[in-house]
Amino acid sequence: MEIAPKDASKFQRLGVSSASALALHAPVSYEDYRWYSEVKPYAQLVDVTVEAVSRTPRLLKVQAYAHNLSCNIELLFFSPKPYMTRLFHADERYTLYGKIDCYAGHAQVSHPKKVTQTGGITPKYKSPLRTDVMRKLIKEYVTYENLVAEGLPDTVARTLLEIHFPQQRSGMGLCEAELYALKFAELYDYMSALRKKRKYVASSFRCRSEWRAWSQTLPFQLTGAQIETIEAIADDLQSKHAARRMIVGDVGSGKTMVMLAAVMIARPNRSVLMAPTTILAQQLYEEAQKFLPHLHVKLLTHKSAKNVSLDDADFIIGTHALLYRELPEAALIMVDEQHRFGTAQRNVLEKLVTQGDQHPHFLQFSATPIPRTQAMIDAAHIDVSLMTQTPFKKNIATEVIYKKDFPALLQHITTELERQHQVLLVYPLVEQSSMLAYQSIEEARAFWEKQFENVYVTYGKDKNKEEVLLAFREKGSILIATTVVEVGISLPRLSTVVIVGAERLGLSTLHQLRGRVSRTGLQGYCYLFTYKSESERLEQFSRTMNGFDIAALDLKYRKSGDLLVGRNQSGKAFKWVDIGEDEAIVKAVQDRLLPKV
């Protein structure tokens, strides 16, 4: 669709660039200027002859006969202006428009307006443009030819036209078919724009190494979700295009083994993995040494950056330190907890291992589950794998607790510590704030340090947080922290997490914190401490352990973000679509826009 220069600024004001996007500005209501012989539940035309006019300071009352309705009718104007008295004269005939109310057989209409043209249904728009300008713009660009040319199905295009140019309407609202068309068009326009943002670059690395023989050497069986994801990665790495895939796995779903399988598929080429913290990089390095003993694995952190030679490495694991070294050529780049890195950092890493046209394959991993519908939408921009299974079922009891439950909580903590287990206390703030009723870490630590031994404290801006976490893992009893522990260190003895002011956190964050416990099959406990008298949201969270179900629940309360322009981290990105409820429509758009090959 070509936009005329005279209309470019109007499209810009509306924030649209296509006929389908313009069509999403549906009328907020309609004015029905057709003649009826019966009273309708919405505003309508009435053909009246005035019989009498009376006026008080607060009311202008006009008695009239409605010819099309064959009844007497009363026209009411409250707090009338002086000019209104001159609008109506006895024995004269007028065409008026307004909503008629009937009380005990008596018809009234308040503040009707005079009408000169009749016939048809006129849409009313709410937009930055004047109504007449908006109607003209819609008439010129929202055409069947334009909508179909942009890829919308015939039925959707025709339904959109009926919304803007109605011939018949049973009511003034939108029917189910019209809502479907608006949702389909909105998703189609959004996902088409995402698809255009996707970059396809050639890769000379056509990796086809076998991974199944290696998987047979593992002391456990991979889950179906792990195998399905690895097979998708194997297909990616064989392609002539550089892979771009996001792997989203629930807490404890076994993403590390998928990473190691990808390294095997890429052999004999080199692989690079970047992690957000030294602790996590060290844990991944230890796993790689354990399950890839035949490969030369190197660990690069800020402390070791100057002393590690990388030329002979088969697999390089590191932190941000990777971005400040010259790196050898690699066929595969992986980023763990990808949301902890900016786009610029990921691009720098890719450029460091790219030589000429030898673009590497790129895999991103995240432990923050997203709703299935969100993944289907994101697939227009990047391939997405969802790992919904876990190698073993976590046994974590989740309970919402209140002030009255504090003595029982103390007893539970004492019992767990006697069993040589560890406890995590998550506080909302580091320092005291008058804006929040809950204690901060600095206010609370004295109590816990007095009650128990081996209490460790850390928080987001703590420069020594990694050292504190390592020390706690070895000899600590209680760790007091902010959400800094949401991702990262594995704590095998951690059995209990207490989250103070739990109602302030998103459900996905709560799930990540809960995932810190029961890492090795311990009976786990998650306590959600709140001052609120009740919380349906927290109660629903406590009843499920599935991260993807929780992501959908989080979406219900928090709404989606905006991947296309990046303005919204959360909040409603769509006008018509509810991606928590409209999975069938997302699937229909995906099938049309991204057909299987």
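Read the figures in this text as sums done on the coordinates, not as results from a lab. Remember, predicted model here, so these are calculated numbers, not experimental data. Backbone-built Cβ (ideal geometry, glycine too); neighbour counts: all protein chains shown.
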Determine the dipole magnitude for the chain: charges of +1 sit on the beta-carbon of Lys and Arg, -1 on that of Asp and Glu, nothing else is charged, the reference point is the Cα centre, and the result goes in debye to the nearest 20. 1060 debye
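Do any of LYS394/LYS450; LYS114/LYS139; LYS197/LYS587; LYS393/LYS575; LYS81/LYS126; LYS255/LYS303 go past 29 Å between their Cα atoms, and which?
Details: LYS394/LYS450 32 Å; LYS114/LYS139 26 Å; LYS197/LYS587 20 Å; LYS393/LYS575 39 Å; LYS81/LYS126 27 Å; LYS255/LYS303 26 Å.
In this structure, LYS394/LYS450; LYS393/LYS575 exceed 29 Å between Cα atoms.
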How many Å³ per residue does the convex hull of the Cα positions in segment 373-426 occupy? 173 Å³
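Treat the count of other C-beta atoms within 10 Å as a stand-in for reagent exposure and order TYR33, TYR459, TYR324, TYR527 from fewest to most. Numbers along the way, then the final one.
On the way: TYR33 17, TYR459 20, TYR324 12, TYR527 24.
Ordered by Cβ neighbours within 10 Å, fewest first: TYR324, TYR33, TYR459, TYR527.
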Near LYS475, which aspartates and glutamates are there with a Cα under 18 Å away, not counting those fewer than 8 places off in the same chain? GLU416, GLU418, GLU449, GLU453, GLU466, GLU467
Please arrange VAL335, VAL589, VAL201 by counting, for each residue, the other beta carbons lying within 10 Å of its beta carbon, fewest first. VAL201, VAL335, VAL589
Checked against the positive end of the charge dipole of segment 44-114 (+1 on Cβ of Lys and Arg, -1 on Cβ of Asp and Glu, about the Cα centre), the farthest of LEU45, HIS106, TYR83 is TYR83
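How large is the convex hull of the C-alpha atoms of segment 412-453 per residue, in Å³? Walk me through the numbers on the way to the answer.
Values: hull volume 3.1 nm³, N = 42.
Normalising the Cα hull of segment 412-453 by residue number yields 74 Å³.
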Looking at the chain, send over the antiparallel percent of its DSSP beta bridges, to the nearest 5. 40 percent
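Given a cut-off of 18 Å, what percent of all Cα-Cα pairs of segment 396-544 lie beyond it? Can you show the working numbers first?
Values: 5938 of 11026 pairs.
Taking all Cα-Cα pairs of segment 396-544, the fraction more than 18 Å apart is 54 percent.
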Whichever lysines have a C-alpha closer than 21 Å to that of LYS532, once near sequence neighbours (fewer than 8 apart) are set aside: LYS403, LYS404, LYS556
Over the Cα atoms of segment 44-114 the radius of gyration and the largest Cα-Cα distance (Dmax), both in Å, equal 11.1, 32
Taking the Cα centre as origin and putting +1 on Lys and Arg beta-carbons and -1 on Asp and Glu beta-carbons, what dipole magnitude results for segment 212-387, to the nearest 20 debye? 260 debye
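To the nearest 500 deg cm²/dmol, what mean residue ellipticity at 222 nm is calculated for the chain from DSSP H runs of n ≥ 4 alone, each contributing -39,500 (n - 2.57), summed and divided by the residues? Working shown, then result.
Working: 19 runs with 197 residues, N = 597.
Mean residue ellipticity, 222 nm, calculated: -10000 deg cm²/dmol.
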Ranked list, fewest to most other Cβ atoms within 10 Å of each Cβ, for THR496, THR217: THR217, THR496
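Based on a Kirkwood Rh over C-alpha pairs, give the Stokes-Einstein translational diffusion coefficient of the chain at 20 °C and viscosity 1.002 mPa s in µm²/s. All intermediate terms of the calculation are to be shown ahead of the outcome.
Numbers: Rh = 29.0 Å.
Stokes-Einstein gives a translational diffusion coefficient of 74 µm²/s.
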Gain in span if fully extended, CYS175 to ASP311, counting 0.36 nm per residue against the direct Cα distance: 42.5 nm
With 10 Å bins from 0: P(r) over segment 212-387, alpha-carbon pairs, percent: 10, 41, 38, 11, 0
Note down the nm distance, to one decimal, between modelled labels 7 Å out along Cα→Cβ at THR85 and at LYS240. 8.6 nm
